[in-house]
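Heads up: the structure comes next, in structure tokens.
The values are calculated or read from the model by the stated rules, or taken from the named source; none is laboratory data. Since the model is a prediction, treat every value here as computed from it, not as a measurement. Note: ideal-geometry Cβ built from the backbone for every residue, glycine included; neighbour counts use all protein chains shown. Protein only, heavy atoms only, side chains kept; ligands, DNA and RNA dropped before computing areas. Shrake-Rupley method; radii C 1.70, N 1.55, O 1.52, S 1.80 Å.
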Amino acid sequence: MSSEQPTDEPAYADHVYRSPMATVTGVLMLALIAWLCGDTVVRGGGNAPWIALAVALLLAPLVVAFTIRPAVFANADRLRVRNPFRIIELPWGAVDSVRATFSAEVLAEGSKYQLWSVPVSLRERKRANRAQQGGRPSRLGGLMGRSMTTPGDSGTQPDEVRRAAADRTVDELREMHERGASRSGAQGSVKVIWSYEIIAPAVIGALILIVLLATG
């Protein structure tokens, strides 16, 4: 009989982390740009339509870059961070730590990479910390030296309620890092890819706008 060596568990599909509020904001801003610039193209005279087109070419990629585009993809082997102007691929074996202080960050190979799609809300964190501490006791309970709870209420809240959204996301990423760092498929170095499909249109739009304003 032949014995088989244990193998890594199969990698699962990517977990995707993005900000719904940022996506909605981006869509609304793109609609506003399309409306204002489109109206100028149709109704404007002289260089106004060309200026409107240049402004749209400049602003639309930037709006997409900072609102709709940011996302974090994580699976058993690696973390893929899509930020406004670049994509960072980080095998779990190359990651040193994931943390959330004033922003969510991943540390790898001596560099720090921000997770744009995981915004840290200090106000939400303070609320979560107050909830974790049990809040303030009622006035009657304070006078009697004990806190008052309603029937069936243990006075505690589930852990998922106590943690801010960014902290919960970072906790999940840390668990993936701990489980995946030793996997054979999670080894390698960090790769950074610049997103020229976002940078190029914005630069071209800015140059066209400068020329039109200088010659207008």
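Quick notes on this structure:
- Residues that are of a type in the set (Lys, Arg), part of a helix (DSSP H, G or I), open to solvent by 50 Å² or more (accessible area, probe 1.4 Å) and at pLDDT below 95 do not occur anywhere in the range 10-27.
- Condition broken by residue 73, with the remaining ones in (1) assigned to a strand (DSSP E or B); (2) of a type outside the set (Lys, Arg); (3) touching a Ser or Thr at 6+ places or on another chain (Cβ under 8 Å) satisfied: (3)
- Of all positions in the range 153-167, none carries a residue that is at pLDDT below 85, touching a Leu at 6+ places or on another chain (Cβ under 7 Å) and either open to solvent by 90 Å² or more (accessible area, probe 1.4 Å) or more than 30 Å from residue 67 (Cβ to Cβ) (or both).
- For the range 171-193, residues that are open to solvent by 40 Å² or more (accessible area, probe 1.4 Å) and either outside any helix (DSSP H, G or I) or modelled with pLDDT of 95 or more (or both) total 7.
- First in the range 192-216 and free of Cβ contacts under 8 Å to residues at least 12 places away in the same chain, second anywhere and open to solvent by 80 Å² or more (accessible area, probe 1.4 Å) and of a type in the set (A, V, I, L, M), Cβ under 9 Å, 6 or more apart: none
- Residues being open to solvent by 30 Å² or more (accessible area, probe 1.4 Å) and either not small (Gly, Ala, Ser) or not in a loop (DSSP other than H, G, I, E, B) (or both) - total across the range 78-119: 19
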